[in-house]
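The values are calculated or read from the model by the stated rules, or taken from the named source; none is laboratory data. Bear in mind the structure is a predicted one, so any value in this text is a computation, not a measurement. Please note: Cβ atoms are built from the backbone with ideal geometry, for glycine as well, and neighbour counts cover all protein chains shown.
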Amino acid sequence: MARRSWTLRIRYQADNDLRRAIVRGVVRREPEIDFRSAQTARLEGAPEEWENRLCLIPGLVTIVMGYPR
């Protein structure tokens, strides 16, 4: 029986709070990474609920900026 090989390409999505310089730096260092800024995805000014729904998309990792409390 032939084996199937699966490749999962992970995509990264930055939220509005993550600095653009971080996204640019990651892509500059590793150009093969699919990493979109919030501005590219047109998330600027979008409700927080929209960003939360991005977490439900298979193969998409949402990167958020956490703030200390």
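What to note about this one:
- Test: R19 is over 9 Å from the mean Cα position of the chain (by Cα), in contact (Cβ under 8 Å) with a residue 12 or more places away in the chain and loosely packed, with under 12 Cβ neighbours inside 10 Å: yes
- Residue list for the stretch 1-25, restricted to those being of a type in the set (A, V, I, L, M, F, W, C) and under 15 Å from M65 (Cα atoms): A14, L18, A21, I22, V23
- When I22, I10 are checked against the criterion of being of a type in the set (A, V, I, L, M, F, W, C) and touching a Gly at 6+ places or on another chain (Cβ under 7 Å), I10 stands alone in meeting it.
- Within the stretch 31-49, one or more residues are touching a Phe, Trp or Tyr at 6+ places or on another chain (Cβ under 8 Å), hydrophobic (A, V, I, L, M, F, W, C), assigned to a loop (DSSP other than H, G, I, E, B) and modelled with pLDDT under 80.
- Top-ranked residue of the stretch 51-61 - restricted to ones that are outside any loop (DSSP other than H, G, I, E, B) and either modelled with pLDDT of 75 or more or of a type in the set (A, V, I, L, M) (or both), ranked as surrounded by the fewest Cβ atoms within 10 Å (Cβ to Cβ): R53
- Test: R36 is out of contact with any helix residue (DSSP H, G or I) (no Cβ under 6 Å at 6 or more places or on another chain), of a type in the set (K, R) and touching a residue at least 40 places away in the same chain (Cβ under 8 Å): no
- Residue in the stretch 1-16 that is farthest from the chain's Cα centre (by Cα), counting only those that are surrounded by 12 or more Cβ atoms within 10 Å (Cβ to Cβ) and in a loop (DSSP other than H, G, I, E, B): N16
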